[in-house]
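Colleague: Mind having a look at this structure? Questions to follow.
The values are calculated or read from the model by the stated rules, or taken from the named source; none is laboratory data. A quick note: this is a predicted structure, and the numbers were derived from the prediction, not measured. Reconstructed Cβ throughout: ideal geometry from the backbone, glycine too, with neighbour counts over all protein chains shown. We work out accessible area using only protein heavy atoms, side chains counted, and drop any ligands, DNA or RNA first. Shrake-Rupley method; radii C 1.70, N 1.55, O 1.52, S 1.80 Å.
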Amino acid sequence: MTTQKILKTSRVIAAILLIAIFSIAGIVACKGNEATNPSVSGPTLIPDPGKTGPVTNIPVTNTPGTNEPGGTNIDNPGDTNIDNPGDTNIDPEPQPPEPTKPTFAEDTYYKVYTPWRGDNYPSVSYQDTNTLLQYWKEMISRKGMNDGRRWFIRDGDWDYCSNPKEVHHYYFDKNVDLVYHRLGKGTLKIRKLVGAVIVKYYRGKSAETYTVAGLYENLIENAGQYNWTHFSKFMHAGYNPNNDKREVGDLELLVMNIGFNDQNFDRFGVDSYYNVWNKGGWRDNIEYFLGRDPDFVDNQDPQNYALNQKVNLTYNPGAHNFWFMTATPEAWHLEEHPEGDWVSR
């Protein structure tokens with residue numbers, strides 16, 4: 001046999017061996033894939049993500065990472081929602097339900113006069129202390145007027161003044177706490193707003209009408225130390241400080257009495273309701289006020305004389321002449337005022 005024939009025969013044998021090797025490898029690979037991927041021969045059960053109920057049959061191909069939760073829909077590249085092919089929007093997270101507004105017994109509701117809020121005659125439960133507090137704040141800020149003006153209390157000077165800021169005055173800060181502004185001295189927070197209740201006007205043209213009053217806690221005592229006549233009268237609701245010792249922590253209802261007004265109806269009365277005897281009760285215990293029936297608060301029984309002082313600070317010739325009046329506030333009027341000492345202005 002020649003050399004050429006030997007080489008030709010060797011090439012043929014080598015080719016046959018290579019064909020046999022690739023054939024065997026292909027058979028082994030197919031059997032291995034069939035054993036590890038049963039989805040080739042039928043559908044796989046995949047739970048429908050995010051839903052309840054029976055499991056649904058969804059055919060799955062043997063393409064890795066496709067048509068699986070979190071994978072890509074090969075029928076529509078770029079679609080990540082396998083529940084609805086073609087929809088690329090992911091279902092949003094369920095939102096918590098809105099809180100249910102509290103309801104109260106029907107016989108606890110009163111129609112009250114709340115001017116300058118935008119809704120002057122709402123019906124509200126005397127137990128709904130949060131709403132009553134909001135009403136008082138809206139009255140003071142004149143929410144319904146939208147004119148940029150707020151209520152102030154001008155000092156008890158008899159001289160007529162069209163702007164309360166031109167004299168010593170009392171204003172309501174960011175928290176509707178009551179602050180005294182003494183011209184040339186500065187400002188001092190004197191009372192803190194702690195709640196609101198339904199009361200009746202006790203004097204004036206609107207007597208027996210129900211309204212909302214702010215409940216304030218006294219922050220200073222011995223107002224007479226400053227020797228400022230009108231300030232002392234305001235802090236002691238018109239009484240002689242020597243006979244009426246108001247203390248820190250004493251409570252007082254502040255009422256805007258629209259039954260007292262000037263001829264132009266732009267100034268209104270200032271009323272103060274409080275108790276000077278019942279320490280631990282009507283004098284300084286907030287539980288005697290909040291959530292109480294206004295007829296209970298107005299109890300005139302001599303054995304349970306709740307608010308034994310109801311004083312009008314607006315019209316008392318020769319004594320005092322305080323008024324609710326409006327003015328455009330300065331920036332510092334709308335800030336939260338610190339408790340404690342005077343702030344220079």
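Colleague: Given the Cα-Cα distance of ARG203 and PHE296 and 0.36 nm per residue of separation, how much length would full extension add, in nm? Provide the component values of the computation, followed by the final result.
Modeller: Values: separation 93, 0.36 × 93 = 33.48 nm, distance 1.82 nm.
Extending this stretch completely gives an extra 31.7 nm.
Colleague: While we're here: Taking a threshold of 26 Å on the Cα-Cα distance, which of the pairs LYS189/LYS233; LYS143/LYS310; LYS165/LYS279; LYS185/LYS233; LYS189/LYS310 fall above it?
Modeller: From the list (LYS189/LYS233; LYS143/LYS310; LYS165/LYS279; LYS185/LYS233; LYS189/LYS310), the Cα-Cα distance tops 26 Å for LYS143/LYS310; LYS165/LYS279.
Colleague: For the full complex of protein chains and a 1.4 angstrom probe, list TRP332, TRP151 by accessible area with the highest value first.
Modeller: If we order TRP332, TRP151 from most to least accessible, we get TRP332, TRP151.
Colleague: Which far-off residues, 5 or more places away or on another chain, put their amide H under 5 Å from the one on GLY195, with H placed in the peptide plane?
Modeller: Those lying under 5 Å, H to H, from GLY195 are LEU215.
Colleague: Shifting gears a bit: List the residues whose amide H sits under 5 Å from the amide H of GLY186, counting only those 5 or more places along or on another chain, with H placed 1.01 Å from N in the peptide plane.
Modeller: Those qualifying (amide H under 5 Å, at least 5 residues apart or on another chain) are ARG345.
Colleague: Can you order the peptides 163-176, 101-114 by their average number of other Cβ atoms within 10 Å per residue, highest first?
Modeller: 163-176, 101-114
Colleague: Then there is this: So for SER123, SER344, what's the accessible-area order with a 1.4 Å probe, most first?
Modeller: Details: SER123 75, SER344 100 Å².
Final ranking, largest accessible area leading: SER344, SER123.
Colleague: Using θ = phi - 60° and the Karplus curve 6.51 cos²θ - 1.76 cosθ + 1.60, what whole-Hz ³J(HN,Hα) does each residue of segment 112-117 get, with Gly and Pro shown as x?
Modeller: Ordered by residue, 3J(HN,Hα) equals 10, 8, 10, x, 6, 8 Hz.
Colleague: Probe radius 1.4 Å, ligands and nucleic acids ignored: give me the carbon and sulfur share of the accessible area of segment 121-182 as a rounded percent.
Modeller: Values: 1050 of 2610 Å².
Here it works out to 40 percent.
Colleague: Next up: Determine, from the Cβ-Cβ distance of ASN120 and GLN225 and an R0 of 41 Å, the FRET efficiency 1/(1 + (r/R0)^6), rounded to the nearest 0.05.
Modeller: According to the calculation, E is roughly 0.50.
Colleague: Can you give the FRET efficiency to the nearest 0.05 for ASP262 and ASP147, using r as the Cβ-Cβ distance and R₀ = 22 Å?
Modeller: 0.70
Colleague: Using a 1.4 angstrom probe on the protein heavy atoms only, line up GLU336, GLU330 by accessible area, largest first.
Modeller: Result of the area sort, largest leading: GLU336, GLU330.
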